[in-house]
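The values are calculated or read from the model by the stated rules, or taken from the named source; none is laboratory data. Quantities reported herein were computed from a predicted structural model and do not represent experimental measurements. All Cβ positions, glycine included, derive from the backbone under ideal geometry; neighbour counts span all protein chains shown. The protein model used for the area step is the full one, side chains on, heavy atoms only, and it has no ligands, DNA or RNA in it. Shrake-Rupley method; radii C 1.70, N 1.55, O 1.52, S 1.80 Å.
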Amino acid sequence: QVQLVESGGGLVEAGGSLRLSCAASGSIFSTNIMGWYRQAPGKQRELVAVSTSGGGTNYGDSVKGRFTISRDNAKNTVYLQMNSLKTEDTAVYYCRIVVPGDTYWGKGTQVTVSS
């Protein structure tokens, strides 16, 4: 089992920044993929950014150039730095970890961007 604890969400004005953190604990393999997805009301959950334990990253088209994912493997923690936030970034942001044979999700953290 793996537990994920997200933090850092909140309310911010458009153009502002937020940093999300997700700490993983439990049966974490050295080879894993950690990342962030988001879901806005009435919409499907979508990819924000993912990071592999080997250093690769991938971003959703709508956040490229504004968001940066990073990770601290020693702490089993992944971060999402969100800059130049837009009202359309408002959503619940979920942390996800993929380990060999299984996938785990966090409970989500709300990000609200006001105009």
For the chain, what is Rg from Cα atoms divided by 2.2 N^0.38 Å, rounded to two decimals? 1.01
Mind checking the per residue accessible area of the chain for me, 1.4 Å probe, whole number of Å²? 52
Grab the beta carbon distance between Asn73 and Ser115, set R0 = 41 Å, and tell me the FRET efficiency rounded to 0.05. 0.60
Could you work out, for region 48-97, what percent of all Cα-Cα pairs fall into each 5 Å distance bin, beginning at 0 Å and stopping at the bin that holds the largest distance? 5, 18, 32, 24, 13, 6, 1
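Of the accessible area of the chain, with the probe set at 1.4 angstrom, what percent is carbon plus sulfur?
Carbon with sulfur: 47 percent of the solvent-accessible area.
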